[in-house]
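Q: Sharing a structure with you now.
Every read-out reported here was derived from the displayed coordinates using simple, explicitly stated rules and does not represent laboratory data. Fair warning: this is a prediction, and the values are worked out from it, not measured in the lab. So basically every Cβ, Gly included, is an ideal-geometry build from the backbone, and we count neighbours across all protein chains shown.
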Amino acid sequence: MSFIQNINSNSRPDTQFSAVNEKSLNKQTQFHAQYEDVQKPKQADSDFAVNISRSHGDASKFATFYYEKIKGHANSVVDDSLPADKYSKGLHHETLSQIMKMPIDVEVERHEMQQALLFNSLGIDFLAYKELGVRREMLALAEDDIMGDDRLSDYEKAWFVDAIRGFDARLEEAQNALLGGVPSDALDADMNDPSNPWSILAKAAA
């Protein structure tokens, strides 16, 4: 079983993300039907972070801004006298840690007004949902950078990617929980579970 499968099967306690009851599922169904209708006129030019961006060019302005800020922070705190591979692993570890932990602020943009009104009408926190989406975008940007880093072996890249996939799964679950009216904490750092993405990230940087 791969690390990713382990994450999906073992990393979250039943009480963390399984609290979405029948009422919440109905609310999600209602939301998705209305959201798709709202999206139709603006789908072509919307940069709302619902799906993970797969390239730097596709990233929203919020993801780009905070990702560059996080990379600058990582460069400032990682010891540049380390051997190249250790330095690289340190940078990626710090970058991914900050993506999941750094406080970020997002706002409703003009083209998102209809979505925000829809969220509000259903009692869903639009900005909280968007913040999770921006973090997912930044994870995708980090994955692109990791895969392009020739200082890392394929095996080392795989560890980082497994951690990224685990974090992304948590963020997606948290988005779905918001839609169902059951907010959850996707950013906790339980280091006692070896299949937890935080534990995998620590191993990747070792």
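Q: With +1 on each Lys and Arg Cβ and -1 on each Asp and Glu Cβ, and nothing else charged, work out how big the dipole of region 54-157 is about its Cα centre, in Debye to the nearest 20.
A: Dipole about the Cα centre, nearest 20: 200 debye.
Q: Placing +1 on the Cβ of each Lys and Arg and -1 on the Cβ of each Asp and Glu in region 56-95, which of Y87, S60, S76 has its Cα farthest towards the positive end of the resulting dipole?
A: Result: S60, furthest along the dipole toward the positive end.
Q: Something else about it: Once R0 is set to 25 Å, what does the formula 1/(1 + (r/R0)^6) return for the Cβ-Cβ distance between K69 and A158, expressed as a FRET efficiency to the nearest 0.05?
A: Using R0 = 25 Å, I get an efficiency of 0.40.
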